1. Please find, within segment 14-26, the residue that is surrounded by the most Cβ atoms within 10 Å (Cβ to Cβ) out of those that are of a type outside the set (D, E, K, R) and outside any loop (DSSP other than H, G, I, E, B).
2. Based on this model, can you work out whether Ala59 counts as at pLDDT 95 or above and under 16 Å from the mean Cα position of the chain (by Cα)?
3. Among the residues of segment 135-149, is any open to solvent by 20 Å² or more (accessible area, probe 1.4 Å), of a type in the set (Phe, Trp, Tyr), more than 11 Å from the ligand (Cβ to nearest atom) and not in a helix (DSSP H, G or I)?
4. Residues of segment 150-188 being within 15 Å of the ligand (Cβ to nearest atom), in a loop (DSSP other than H, G, I, E, B) and of a type in the set (A, V, I, L, M, F, W, C), which ones?
5. Among what's in segment 95-134 and is small (Gly, Ala, Ser) and modelled with pLDDT of 95 or more, pick the residue that is most open to solvent (accessible area, probe 1.4 Å).
6. Only one of these is under 19 Å from Leu213 (Cβ atoms) and surrounded by fewer than 20 Cβ atoms within 10 Å (Cβ to Cβ): Gly190, Gly185. Name it.
7. Looking at the structure I just gave you, is Asp127 touching a Pro at 6+ places or on another chain (Cβ under 9 Å), near the ligand (Cβ under 10 Å from one of its atoms) and either of a type outside the set (A, V, I, L, M, F, W, C) or on the phi < 0 side of the Ramachandran plot (or both)?
8. Take Asp166 and tell me if it is closer than 19 Å to Arg10 by Cα, under 13 Å from the mean Cα position of the chain (by Cα) and charged (D, E, K, R).
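The values are calculated or read from the model by the stated rules, or taken from the named source; none is laboratory data. The structure displayed is predicted, hence computed values, not measured ones. Using ideal geometry, Cβ is built from the backbone for each residue, glycine included, and neighbour counts are taken over all protein chains shown. Just so you know, the surface numbers come from the protein's heavy atoms only, side chains and all, with ligands and any DNA or RNA stripped out. Shrake-Rupley method; radii C 1.70, N 1.55, O 1.52, S 1.80 Å.
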Amino acid sequence: MPDAPAGQVRSLGIVGPGRVGLALARLALAAGLEVLVAGAGDVDRTRARVDGEAPGARAVTLAEAGRADVTVLAIPLGRLRELDPQALAGALVVDAMNYWWELDGARPDLDDPTTSTSQTVQAHLTDSRVVKALGHMSLYELENLAFPLGHPERRGAAIAGDHPRDVATVARLVDMLGFDPVALGSLADGVRFEPGTEAFGADESADELAAMLHRFWDSQRGRVVARARGLL
Ligand SMILES: NC(=O)c1ccc[n+]([C@@H]2O[C@H](COP(=O)([O-])OP(=O)(O)OC[C@H]3O[C@@H](n4cnc5c(N)ncnc54)[C@H](OP(=O)(O)O)[C@@H]3O)[C@@H](O)[C@H]2O)c1
């Protein structure tokens with residue numbers, strides 16, 4: 001766990017009422033959080049989905065979701081630019097998105113080894129504080145492998161961010177949702193659990209996940225990233 005004291009987590013905003021967003025909404029409701037979900041269309045359309053699949057969560061605008069203690073982005077990464085940065089100004093934002101070329105199309109900017117995709121998210125959301133988490137976890141893991149603290153089957157969840165207090169706050173959130181936080185480095189280190197890495201979709205314990213994240217630099221992708229960033 002990170003050293004810095006965590007901020008409070010009483011409410012969770014979720015942007016994207018899809019498979020991941022609604023799975024996270026159900027976990028957050030089970031943890032006793034107030035859950036505010038924003039979709040792409042009008043609020044009534046989002047409400048229809050939320051009432052059916054995550055009853056107890058509230059359909060809201062993007063700006064309202066951004067006023068929660070933590071706000072998770074769970075939309076296709078290729079649609080990032082649809083989000084108005086001003087609506088999320090001041091928000092602690094969890095980037096749970098991945099570059100998925102089948103969905104997002106060929107986007108060399110999102111596959112650039114000199115930056116993590118979460119740095120691209122941060123560059124768009126200039127007035128938010130972005131932390132990368134939850135995106136490396138499979139939908140199966142989110143829906144079936146959340147366990148209470150201390151349970152022997154608990155899985156690890158990687159977290160990368162530039163500000164220790166924000167990383168600590170997201171670690172608290174991850175713990176409340178049912179996973180053991182594994183904090184590592186800065187937002188640039190988010191590349192260590194993007195698609196194509198060993199940690200992506202691993203469904204492993206915190207210790208095993210930490211070992212995978214450590215081994216990243218010995219992998220083929222790790223060497224490509226290190227070379228592109230002038231680390232070799
Ligand atoms: N599926 C997984 O196993 C998994 C696991 C971890 C992370 N992820 C990542 O999580 C993200 C979502 O994946 P998913 O599988 O949940 O996709 P999904 O089921 O297609 O859901 C995406 C949701 O985002 C909404 N959306 C799109 N643009 C939006 C906008 N501008 N504002 C608000 N909502 C918007 C969509 O609404 P409309 O339908 O109205 O367009 C849809 O409800 C992706 O980046 C993915 O890489 C996926």
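1. This residue is Ile14.
2. Answer is no for this residue.
3. yes
4. Phe179
5. If we take residues in segment 95-134 being small (Gly, Ala, Ser) and modelled with pLDDT of 95 or more, then Ala123 is most open to solvent (accessible area, probe 1.4 Å).
6. Gly185
7. For Asp127, the condition - touching a Pro at 6+ places or on another chain (Cβ under 9 Å), near the ligand (Cβ under 10 Å from one of its atoms) and either of a type outside the set (A, V, I, L, M, F, W, C) or on the phi < 0 side of the Ramachandran plot (or both) - is not met.
8. Judged against the criteria, Asp166 is a match.
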